[in-house]
1. Which length gain, in nm to one decimal place, applies between H278 and A94 when the Cα-Cα distance is subtracted from 0.36 nm times their residue separation?
2. Could you work out the relative contact order of the stretch 205-274, using alpha carbon pairs under 8 angstrom and six or more residues apart, expressed as a whole percent?
3. Do the sum for the chain: with -39,500 (n - 2.57) for every DSSP H run of n ≥ 4, divided by all residues, what is the mean residue ellipticity at 222 nm, to the nearest 500 deg cm²/dmol?
4. Can you tell which of S129, S197, L209 lies farthest toward the positive end of the dipole of the chain, using +1 and -1 charges on the Cβ of basic and acidic side chains (Lys, Arg; Asp, Glu)?
5. With the dipole of the stretch 103-254 worked out from charges on the C-beta (+1 for Lys and Arg, -1 for Asp and Glu) around the Cα centre, which of P103, G246, A220 lies farthest toward the positive end?
6. Based on Cβ point charges of +1 for Lys and Arg and -1 for Asp and Glu, what charge dipole magnitude is obtained for the chain about its Cα centre, in debye rounded to the nearest 20?
7. Among L203, L213, L298, determine the one that fluctuates most according to a GNM of the chain built with springs between C-alpha atoms less than 10 Å apart.
8. What is the dipole size for the stretch 1-82, taken about its Cα centre, with +1 at each Lys and Arg Cβ and -1 at each Asp and Glu Cβ, in debye to the nearest 20?
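Read the figures in this text as sums done on the coordinates, not as results from a lab. Everything numeric in this text was worked out from a predicted model, so none of it was measured. Cβ placement follows ideal geometry from the backbone for every residue including glycine, while neighbour counts extend to all protein chains displayed.
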Amino acid sequence: MSGARDAVEGLVASAWRNAVGRVPASVDDDFFALGYTSLDASALMAHLREAVGRKVPLRVVFETPTIAGIARQLRSADDGWRERYAYRLQAGPAGGVPMVLAPGTSGTLGWISALADERLGRPVIGLVSRGSYAEAAPLQTMPEIADHLLAALAAEGVTGPVHLVGSCVGGLASIEMAARAGTYGLRAASVTLLNGSFQPEQLTVAQRLQHRLDDIRRMAGLPQLGEASDAPAQEQIRQLFEQVVGSPRIVEATFDEFAARVMVYVHNWHAAAQYQPHTVAVPLAVVYTAGDEDEVGLQQWRALNPPRFHAQPVDGLAASDVGRPEVIETLAALFSSYDEELSRDV
């Protein structure tokens, strides 16, 4: 699928996959035009209700039968669901050790929600960064980010061991979450990094803002500025919002939501660049693009001395295709082996 553009589309895509076994090529593909029935629609809505923790009317999928359309209706509903930061993407068997997906640099689930796959045979919970809904200021440091995500899990009633999975900022947050989990009544059973760089590029907040705005310009088919602006951040963001709103690659949103996502990205990246990973006390796996050992800092991860270390190269692994069979198979095998160790510890 051309990637989910925010956390809400990620939630809908995950529910869609759980209902019919696959996601469409585009967020604008029509559910019924693809051959699915009203029974499939009922299953889609059931999975979506489980994820957001509230009733979602069946009529939603009939009125707007696309990932983008269903997500748009969810965003427009003012019923408090945005106050949650943990979403149950997949129920899994009772008693199974959950896989927890930490949000990436954007602060949302987006493409990583593709890992909510029934072949893993376990519950899957997706997390979202504070500030993603324009409901609060973004967090500034990796310990703050980890505490927020752990608190979201605790608020969802998650107890016991969890397998933490993340990429980029999410990978670093998972490392910090593993160290702090006990404070929240949790236990990290393992940490898995997907193409996770050990030390992201050092840039100032202003430089990172410029980088993000140019990313959005590129997605919208606009020319990049090439150099940083002296205008205040909110003015720069507003000017760009007026240019890109309605673009098919940009989620339709209010200015406040658009600005919030930009600033969460900027501060998440800045927090990651300032973070120094410490010794890891749980099994650590790195799944990465074959040939990118230096880019992901493979030797640096190994030097953190986890009790078990696994490195799995995957040819041509890109962010948009982490749901590939070889990735799911790798995770399923790793988690099964970790679960066996957990059962022996009991």
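1. The span from H278 to A94 would gain 62.9 nm if fully extended.
2. Numbers: 49 pairs, mean separation 28.9, N = 70.
In percent, rounded to a whole number, it is 41.
3. Numbers: 12 runs with 147 residues, N = 346.
Taking each H run of at least 4 residues, the total per residue is -13500 deg cm²/dmol.
4. S129
5. Final value for the positive-end residue is P103.
6. Using Cβ point charges on Lys, Arg, Asp and Glu, the chain gives about 620 debye.
7. Maximum among the listed residues: L203.
8. Using Cβ point charges on Lys, Arg, Asp and Glu, the stretch 1-82 gives about 220 debye.
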